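In what follows, a structure is listed as structure tokens, so that the remarks can point back to it.
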Amino acid sequence: MIKELLKRLSLREVHDLNLDEAAAMACHRDIIESKPFLKKLYRDFYSEFLEQAQILQPLPGRILELGSGGGFLHKLLPEILTSDVCAGPDIEQIIFADRLSFKEGEIKGIFMMNVLHHLSKAADFFSEAVRVLPKGGRLVMIEPYNSLLGRLFYKNFHAEPFEETAPTWEIPPQGRMTTSNQALPWIIFKRDRHLFETRFPALRIRRLRPHTVTRYIISGGLSFKTFVPAFSYPLFRVIDECLAPFSTLFPMFVTIVLEKI
């Protein structure tokens, strides 16, 4: 019954879309552009990266976006280096997170939106981040969050796995998007926080901010139709701000900021 309901609500463009193929990037870009409510949500997410870019401005080096996909951060931050694991629209370089093609201290910032939970070997990526970031450089991520609502939604209404009981940080490799465990950020930075801090003492956790309750569900994301008109977006942003402090119950996303010390 749930599957039939989801099929009715889903966007026609994604019915036969292979998320692991490069064509998915162009499709996702078109979906974002065609859904004003969703685009406003992306702009709010990107504002976190813009804030961090200002903090990083005095440092030499470039800012790298991993897993740029069909997003438009590069339009708001033109100096950013876009990348993904395959070629696609507006992708400057093909880069794999566990073997970054940069010298020590060459990248002052690494920005990622919904990317960490797709990494097969997150620990290898953190080791690479320590290598390429200079002192004061930052790794900024926006990821799914394991609140009561988040867990309920991701487990029942989202195609990607959500396995908060996974014993390790590793995910069996499959493809660009199908390699996934949406609970991985919570596992690393909440359940296994002491382990992370022990293994990567050079990456200090500066921020773990849960946020976004209603807007993602209402927007329909990249798979479903938007449920409300775009002009209602400010109302739902206020609702989200009111509900965000109840971090164990409602937020669907978390912003994670790590700084190399």
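The values are calculated or read from the model by the stated rules, or taken from the named source; none is laboratory data. Owing to the predicted nature of the structure, the values given are computational and were not obtained by experimental measurement. With ideal geometry, Cβ positions are generated from the backbone for all residues, glycine too; neighbour counts draw on all protein chains shown.
Would you call Glu33 of a type outside the set (A, V, I, L, M), surrounded by fewer than 16 Cβ atoms within 10 Å (Cβ to Cβ) and closer than 19 Å to Arg215 by Cβ?
Numbers: of a type outside the set (A, V, I, L, M): yes; surrounded by fewer than 16 Cβ atoms within 10 Å (Cβ to Cβ): yes; closer than 19 Å to Arg215 by Cβ: yes.
So Glu33 fits the description; yes.
Checking the condition within 30 Å of Thr226 (Cβ to Cβ), over 16 Å from the mean Cα position of the chain (by Cα) and at pLDDT 95 or above, which residue from Ile107, Ile95, Ile91 passes? Break it down stepwise before answering.
Numbers: Ile107 fails: within 30 Å of Thr226 (Cβ to Cβ); Ile95 fails: within 30 Å of Thr226 (Cβ to Cβ).
Exactly one residue qualifies, and that residue is Ile91.
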In region 127-147, anything under 12 Å from Phe253 (Cα atoms) and in contact (Cβ under 8 Å) with a residue 60 or more places away in the chain is listed as Met141, Ile142, Glu143, Pro144, Tyr145, Ser147
Applying the selection to region 219-258, what residues are aromatic (Phe, Trp, Tyr) and either more than 14 Å from Pro144 (Cα to Cα) or surrounded by fewer than 16 Cβ atoms within 10 Å (Cβ to Cβ) (or both)? Phe224, Phe227, Phe231, Tyr233, Phe236, Phe246
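Which residue, of Arg215, Arg176, is at pLDDT below 95, of a type outside the set (Phe, Trp, Tyr) and either in contact with a strand residue (DSSP E or B) (Cβ under 8 Å, 6 or more places away or on another chain) or buried (at least 21 other Cβ atoms within 10 Å of the Cβ) (or both)?
Details: Arg215 fails: at pLDDT below 95.
Just one listed residue meets the conditions, Arg176.
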Please enumerate the residues belonging to region 33-61 that are within 15 Å of Gly71 (Cβ to Cβ) and either touching a Gly at 6+ places or on another chain (Cβ under 6 Å) or part of a loop (DSSP other than H, G, I, E, B) (or both). Lys35
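Listed here are the residues, each with its yes/no results for (1) out of contact with any helix residue (DSSP H, G or I) (no Cβ under 8 Å at 6 or more places or on another chain); (2) assigned to a helix (DSSP H, G or I); (3) among the charged types (D, E, K, R); (4) within 13 Å of Leu119 (Cβ to Cβ).
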site	(1), (2), (3), (4)
Phe162	no, no, no, no
Thr165	yes, no, no, no
Pro173	yes, no, no, yes
Arg176	no, no, yes, yes
His194	yes, yes, no, no
Pro201	yes, no, no, no
Ile205	no, no, no, no
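Every residue, every condition in (1) assigned to a helix (DSSP H, G or I); (2) buried (at least 23 other Cβ atoms within 10 Å of the Cβ); (3) among the aliphatic types (A, V, I, L, M), yes or no:
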position	(1), (2), (3)
Leu100	no, no, yes
His117	yes, yes, no
Ala123	yes, no, yes
Gly136	no, no, no
Any chance region 13-23 includes a residue that's buried (at least 16 other Cβ atoms within 10 Å of the Cβ), at pLDDT 95 or above and within 16 Å of the chain's Cα centre (by Cα)? no
I'm checking my understanding of the structure. Among residues of region 23-67 that are in contact (Cβ under 8 Å) with a residue 24 or more places away in the chain and hydroxyl-bearing (Ser, Thr, Tyr), which one is nearest to Lys103 (Cα to Cα)? Tyr46
